[in-house]
Every structure is written in structure tokens, then in C-alpha cells.
Amino acid sequence: MNKLLFFLVTCLSSFPVFAQRKTISQRVDSVLRLMTLDEKIGQLNQYSGDWEHTGPITKDGDKQNQIRNGQLGSMLNVMGVEHTREIQKMAMQSRLKIPLLFGQDVIHGFRTTFPIPLGQAASWDLKAIESAERIAATEAAASGIHWSFAPMVDIARDARWGRVMEGSGEDTYLGSLIAAARVKGFQGKGIGNTDAVIACVKHFAAYGAAIGGRDYNSVDMSLNTLWQYYLPPFKAALDAGAGSIMNSFNSLNGIPATANKYLVRNILKDQWKFKGIVVSDWGSVGGIARHGYAADNKEAALAAILAGCDMDMESRCYKDNLAQLVKEGKVNISLVDDAVKRILTKKFELGLFDDPYKFSNTEREAAQKFVPAHIEAARDLAKKSIVLLQNNGKVLPLSKSVGSLALIGPFIKAVRDNLGFWSIEWPDDSSTIITQYDGIKNKVSPATQLLYAKGCNINDRDTSGFAAAVESAKAADVVIMSVGEARDMSGEAKSRSNLHLPGVQQELIKAIVGTGKPVVLLINAGRPLVFSPEMDKANSLLYTWWLGSQAGNAIGDVLFGDYNPAGKLPISFPRTEGQEPIYYNHLNTGHAAASDTIAFYVTGYIDLRNSPKYPFGYGLSYSTFSYSELLLETKEMRKNEQIHISVTVTNTGNFDGEETVQLYIRDMAASIARPVKELKGLQKIFLKKGDSKRVSFVLSEADLKFYNDQLKYVSEPGEFKVFVGTNSDDVKEGSFRLL
Ligand code: GLC
């Protein structure tokens with residue numbers, strides 16, 4: 001009997017379905033054992049495809065031979081089933097046939113372009129943001145992409161920094177919620193599904209605090225600020241399962257992030273136990289020498305691998321130096337093996353060893369082009385991203401049967417400028433971008449006369465179009481002006497010292513406002529702009545960011561009341577550049593101004609009020625909302641208890657509408673000075689006109705914690721203020737004690 005049993009078990013175990021499938025870790029180890037040192041280093045090497053996309057390209061003729069020789073582990077800027085399949089075939093000619101990873105900057109959409117991330121953040125709609133990334137991942141994964149270099153989660157408090165457009169603004173709490181939502185959207189049901197991509201959280205870390213708002217500039221900050229404000233969105237993204245993270249270009253306290261052991265080895269890999277891929281930013285391994293932290297690329301490679309950077313994007317420092325460093329005993333092969341295993345693990349998780357062409361499927365790619373549901377989602381998120389800043393005389397919403405509209409400004413008929421920076425160009429997509437002119441035309445009655453006059457360009461000194469524009473304004477019932485930044489005026493390497501509208505757009509606004517006609521002003525930009533006095537004289541101001549493929553329809557929905565705007569600013573708007581960096585969650589100082597007036601011997605300027613032009617969380621509606629006084633269930637709370645706070649919000653206007661109710665706290669006295677406000681809750685509610693709703697929040701000890709001066713995450717007894725309101729400035733106040 002035993003012999004029969006042994007025979008049966010032996011036979012059966014030879015069938016794959018019964019053989020104990022190896023775990024991914026076992027499969028990774030079995031490949032690693034076969035690899036030469038050169039092949040291992042090849043996996044740590046990533047090149048871009050051959051076009052200028054996000055950085056100077058190194059033209060390297062034998063790139064394809066390097067792929068065939070197993071000297072490359074990944075590529076970026078290679079898109080489409082055809083191209084990815086073609087290049088993957090080269091990898092299959094290598095000795096071990098290790099498939100390539102294809103990465104892409106899918107920052108706010110792939111085929112369907114959504115509003116820029118800063119605009120999306122203005123929606124405060126986490127579900128809509130997650131859905132947008134779900135769609136982006138589905139479209140990208142159908143076109144051969146395995147890996148998205150997003151979400152960018154850099155907290156940004158300085159609008160001079162061009163990459164503020166790419167993140168979620170100034171607040172850590174909102175930024176952390178959005179970071180997690182984006183990762184869930186990208187990775188969906190998990191890496192390996194053909195509608196999911198690996199998320200890559202970037203840029204680690206504190207990139208948004210570049211001195212002077214100058215991109216790539218040094219960052220100097222206390223570790224307390226780093227932990228309190230800049231790291232939490234990364235942790236939230238990793239807790240949501242992000243499979244990779246990208247080093248930032250900047251140095252942090254004198255040490256380049258790519259070589260920063262404290263950031264990558266200590267915090268990320270040791271404390272946070274991160275097991276995914278750490279990829280450098282474009283050439284940032286080589287940048288370590290340029291920072292003056294290494295004498296040459298060999299020392300730079302040494303610093304980066306020791307710090308925990310697994311993959312070298314485009315610098316070739318690993319390819320050219322790592323083998324020698326291992327042979328010299330300066331780099332233990334275990335460090336190389338750890339990096340290789342992280343990369344191979346993701347390739348196994350994606351299923352690429354079983355099918356290298358799994359994501360290169362022509363039918364799936366074709367099915368993901370111009371999907372109506374995706375287009376509808378883009379329109380939905382675009383309209384939710386629009387922020388109503390002013391509506392004097394209630395000029396908005398406009399009637400669809402208005403007699404005549406003058407449509408003036410360089411953005412009225414702009415096409416690609418609606419897509420903003422980091423949008424992906426497709427040869428056949430212009431027809432799918434809805435211009436603001438068409439969006440308005442789609443809304444009004446056939447009898448409405450549209451008088452179009454461009455008036456000026458975005459960024460030159462030509463005023464020859466002013467006269468015709470003024471004539472159009474004079475002839476119309478209402479003027480709609482659309483102005484802003486060109487799509488390459490915010491984004492990477494796009495820091496600005498002057499945050500005004502470029503060119504002669506301000507002068508054009510002055511001429512049009514001077515006609516005395518009702519003026520609705522649409523402002524399209526990748527960042528907060530500084531407003532000229534003439535802009536304030538427009539009746540209505542709508543901040544439309546760069547809204548993506550459906551810009552025109554979304555703007556039409558809002559202008560004509562098919563959607564009541566509900567956007568709230570995720571970043572403070574300065575009165576002048578001189579106020580930057582400006583943010584709501586600042587410390588009180590020992591000389592706090594008693595009111596928003598110019599005074600002496602208080603923290604402020606002698607020539608300008610302290611308050612921002614528009615505060616964090618600000619955004620109007622066509623309706624109005626009133627808030628009752630706060631009701632706190634108790635006035636004292638022990639650490640294991642909770643505080644229940646409620647407020648009644650009433651729609652006191654004439655339109656049904658959405659309101660984002662915001663909850664802030666202030667720790668009045670602690671072992672380290674705490675901000676005058678910190679966002680700790682938000683609730684989006686919909687109220688029909690005249691209706692009221694009781695909105696409740698619950699605070700627990702976890703919400704009151706902070707990093708003390710020993711970097712311990714603690715709560716401390718004492719008085720807390722709590723604020724609930726429609727923005728960070730306009731709030732109802734209460735207080736309680738933590739015992
Ligand atoms: C860029 C950006 C980074 C991007 C990478 C690849 O320089 O800093 O965000 O993912 O290069 O394009």
C-alpha cells in the first residue's frame with residue numbers, strides 16, 4: 001500500500017496543478033541565482049524612450065543591444081502596444097529573458113485628460129479622484145504601461161514653484177487623503193490585473209519646500225517639519241499599498257535625497273519596512289556629484305546604492321560603476337541583490353515572467369480609446385474642480401437664452417492649453433478636447449449671438465486685438481473672458497518670480513472692464529496667480545485651473561447653472577509674490593497680529609496686510625450656506641475617549657448645492673508650538689435650497705497627536721480649540737480640554 005501511495009503522490013506532484021506553486025519570493029530567488037553581476041546591474045538600469053519628454057534625452061545608439069544583452073531592466077516614455085511589444089521582444093532575446101518594466105508619467109490621465117492634480121484637489125472629492133486614477137490606470141495598462149510615476153504628493157506652500165500644479169496643495173491632511181485615493185485608483189484590485197499599474201509615490205522627499213520656490217533648489221528644514229507636514233502623505237500612499245517610490249531632485253539639509261540614507265534607508269526601508277522599488281528621478285543619481293556630495297559618478301553610484309536607491313533612471317551611473325564598486329569591495333553584493341529582488345518581485349507580481357506581452361494587447365488598447373464613460377468622468381471631475389471666487393451682482397449663473405455674449409481672451413478657443421503640463425499628446429486627440437468656446441456654444445440657445453474676439457495672445461506684448469475685443473464687449477449683453485497661463489508656464493522647471501497673468505492679458509481685462517458691461521472672468525492656470533485690481537473689478541471670477549479634455553463642457557455646466565460650483569481652494573492665494581510662502585497652518589509667533597490690518601511690532605509687512613487674497617478651503621457657491629454655533633458633547637476628553645462636534649448647516653440661497661464642511665483644530669499650548677489651525681476633517685454635503693443638515697465630526701486622541709521635539713508622535717493634555725466652517729478663515733469656534 002505505501003508503495004502505491006508513494007507512486008501516486010510522485011506522479012500527481014509532477015502535474016503543475018498539484019505541484020506546490022513556488023511563491024514569488026522563491027521564483028525571484030531562483031532567477032537571481034542564475035544572474036551574472038552584469039545582468040543584476042542591468043536590472044537597476046532604466047532608460048527613456050527616444051523623445052524629449054521630461055528631461056534631456058541621452059541619444060544612445062546601442063540602447064537596443066543593451067536590452068538584448070540584459071543590461072536594461074526598465075524603460076520609460078515608451079507607450080502603446082506596438083512599441084512596448086517591439087521592445088519587449090528585444091528583452092526576450094536576452095540570456096535569461098527577463099521582461100522589461102515600462103513606466104510613464106500618468107499624472108492626470110492617459111488618453112482621457114483630467115484636470116491637473118491641484119485642480120482635482122479643489123474638488124475635495126476623494127471618490128472622484130480615485131475614479132479618475134482608476135480610469136487612467138485602465139487606459140495606460142491597455143497601452144503597455146506597467147508603472148505610473150504618480151501620485152506626486154509633495155506638500156507645496158509656495159506658488160512660485162511650478163510643480164505646485166502636480167500635487168494636492170498645502171495641507172498635509174487633505175494631501176494624505178488624496179495620496180491614498182490616487183494609489184487605490186492606480187492599483188485597483190491589485191498589481192497584476194490588466195487594468196492596474198504600479199503606483200510610484202513622489203518625490204521623496206520635501207521637494208515642494210525648495211528655497212525661493214525655485215525648482216530643484218535646496219531644501220533646509222527641521223526634522224520636525226519634515227515629519228509633521230511633508231512625510232505623512234508618503235506614509236498614507238505606502239499604507240494604501242503603493243508599489244514604488246521616487247527620490248526627489250533636491251538636497252535635504254545638505255544631502256541629496258537620492259543619496260540620503262536617513263530618508264531612504266532609515267525611514268523608508270527600516271522604519272516603514274517598504275519592500276517596493278525605489279527609483280531615482282531623472283538623472284538624480286548623477287546629480288549627487290553635481291550637488292557636490294560626490295566627487296564623480298562612481299562615488300555618486302556608491303552613495304545612491306548605499307542609501308537604498310534601487311533603480312537608476314537615465315544617469316547610467318549604476319551601469320558604468322556598480323560592477324567595479326562590487327569588485328573593489330565597496331558595495332556588498334547583498335545591496336545589489338536586494339535591489340534586484342525588489343524589481344524582479346514587481347515583474348513577477350505583474351505576471352510578466354508568465355507572459356511578457358500581457359499588457360500589450362491590441363484589442364484592449366483599441367477598446368480604451370475615447371470611452372464615453374471616461375469622458376463623462378473627466379467632465380464630472382472638471383466641473384467639481386472649478387472654484388467660484390467672486391460673483392458680484394449674481395451675474396452667474398447665466399441664462400441659456402441670453403441675447404448676446406462676447407467671448408474674449410486667448411483661452412476661449414485654446415485647445416491643448418486646456419490640458420495643462422504633464423498631459424500626454426496623442427496625434428488623434430485634438431478633436432476630443434472641448435474648447436471653452438464650444439462648451440459655451442453647446443449650452444446657449446441657437447438665438448444667442450456669440451461675439452468672439454481673442455483680444456490678445458497669452459504671453460506677448462501685442463495689443464492690436466484690443467479694439468475689436470472692446471467693440472465685441474460693447475455690443476454684447478454679457479462678457480465672458482478667459483485668460484491664464486500657457487500650459488508650459490507651470491510644471492517642472494517652470495518656477496515664476498512674477499505670478500501675474502502673462503503678456504498683456506491684465507491690460508486687456510482693464511479695457512474690457514472699462515466698458516461697464518457685466519464681466520465673467522475665467523482664470524486658467526497651474527498655480528495660484530496674483531490678481532491685478534482690474535481682475536477684482538470683474539463681476540464674477542471662476543478659477544478653472546487647467547481642466548483637461550472636457551474643459552469646455554465643464555465650464556459650460558457651471559456658467560449656465562447646470563452645475564452649482566462647489567470647489568474649495570487646496571492652497572492659499574497670495575496678494576503678492578512677496579507673501580510667498582503663505583499657508584493657513586502657520587504658527588502664531590510671539591507677535592501675532594490682532595487683526596488683519598497693518599500694524600507695527602507684530603509679524604507682518606509694513607506695506608501689506610497679512611491675510612492671503614483667498615484662504616485655504618475658500619470657494620463660493622451660487623447658493624449661500626449658514627452655520628449654527630458648534631455643539632460639543634463634552635468639554636473634556638480623556639485619551640481613550642472621543643469628542644463629538646456637530647453643527648447645523650442651512651442652504652439659505654436660491655440654488656440646491658454642495659458644501660464642503662471643514663473641521664480644524666488648534667492645540668493652544670504644547671511642548672512644541674502648534675499651528676493656529678490644522679485641518680482634521682471634511683464632509684461634503686448636498687443641500688436643497690432651504691434645507692438644513694446636522695453635520696457631526698468625531699475627534700479622538702489620534703487626531704490630536706503631533707511630532708514633539710524628540711520626534712515622538714504624541715498627544716499632550718491641555719486646551720484645544722475646534723473650528724468648523726466653509727473655509728479656513730470663516731469658521732464657528734468651540735473648545736475642549738484633553739485630560
Ligand atoms: C522628471 C520628473 C519626475 C518624472 C521623471 C520621469 O524629471 O521630476 O516627476 O517622473 O522625470 O519623467
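The values are calculated or read from the model by the stated rules, or taken from the named source; none is laboratory data. In this text the structure is predicted, and so the values were computed from the model without any measurement. Backbone-built Cβ (ideal geometry, glycine too); neighbour counts: all protein chains shown. Remember, those area values only see protein heavy atoms, side chains included, never the ligands or the DNA or RNA. Shrake-Rupley method; radii C 1.70, N 1.55, O 1.52, S 1.80 Å.
Annotations
- Pairs meeting the criteria (first residue in the stretch 122-150 and not assigned by TED's automatic domain parsing to the domain that holds G526, second residue within 15 Å of the ligand (Cβ to nearest atom) and modelled with pLDDT under 95, beta carbons under 6 Å, at least 6 apart or on different chains) are S143/M79.
- Number of positions in the stretch 711-739 that are of a type outside the set (A, V, I, L, M, F, W, C) and assigned to a loop (DSSP other than H, G, I, E, B): 9
- Yes/no for V698 being more than 26 Å from the chain's Cα centre (by Cα) and either closer than 14 Å to H644 by Cα or open to solvent by less than 10 Å² (accessible area, probe 1.4 Å) (or both): yes
- Residues that are outside any strand (DSSP E or B), of a type in the set (D, E, K, R) and modelled with pLDDT of 95 or more occur at least once in the stretch 691-700.
- Exactly one residue among L541, L547 is among the aliphatic types (A, V, I, L, M), open to solvent by less than 30 Å² (accessible area, probe 1.4 Å), over 30 Å from G604 (Cβ atoms) and touching a residue at least 12 places away in the same chain (Cβ under 8 Å), and that residue is L547.
- Subset tally (residues that are closer than 20 Å to N459 by Cβ and either in a helix (DSSP H, G or I) or at pLDDT below 95 (or both)) for the stretch 533-555: 3
- Contact annotation: residue pairs with Cβ atoms under 7 Å, 6 or more positions apart or on different chains, pairing a residue in the stretch 214-242 that is at pLDDT 95 or above with a partner that is surrounded by fewer than 18 Cβ atoms within 10 Å (Cβ to Cβ) and among the charged types (D, E, K, R), are N224/D709.
- T597 vs. criteria modelled with pLDDT of 95 or more and over 30 Å from S431 (Cβ atoms): no
- Hits in the stretch 422-445 (condition: among the acidic types (D, E) and not in a loop (DSSP other than H, G, I, E, B)): D438
- Residue check for G190: away from the ligand (no atom under 15 Å from the Cβ) and open to solvent by 10 Å² or more (accessible area, probe 1.4 Å): yes
- Given (1) within 16 Å of the ligand (Cβ to nearest atom); (2) acidic (D, E); (3) open to solvent by 40 Å² or more (accessible area, probe 1.4 Å), number of the condition D460 does not satisfy: (1)
- Options G514, G617, G561, G604: the member that is over 24 Å from the mean Cα position of the chain (by Cα) and touching a residue at least 60 places away in the same chain (Cβ under 8 Å): G561
- Considered as a group, the residues in the stretch 136-176 that are in a helix (DSSP H, G or I) and among the small types (G, A, S) include one that is farthest from the ligand (Cβ to nearest atom), and that residue is S176.
- Residue within the stretch 96-111 that is under 30 Å from I386 (Cα atoms), of a type in the set (D, E, K, R) and assigned to a loop (DSSP other than H, G, I, E, B) present: yes
- Within the stretch 206-241, restricting attention to residues that are open to solvent by less than 10 Å² (accessible area, probe 1.4 Å) and farther than 17 Å from V164 by Cα, the residue that is nearest to the ligand (Cβ to nearest atom) is A237.
- Test set (1) farther than 15 Å from L72 by Cβ; (2) buried (at least 24 other Cβ atoms within 10 Å of the Cβ); (3) away from the ligand (no atom under 16 Å from the Cβ) - F274 fails condition number: (2)
- Here Y664 clears all of (1) more than 17 Å from W124 (Cα to Cα); (2) in contact with a Ser or Thr (Cβ under 7 Å, 6 or more places away or on another chain) except the condition numbered (1).
- Tally, over the stretch 322-366, of residues that are within 18 Å of E39 (Cα to Cα) and open to solvent by less than 10 Å² (accessible area, probe 1.4 Å): 10
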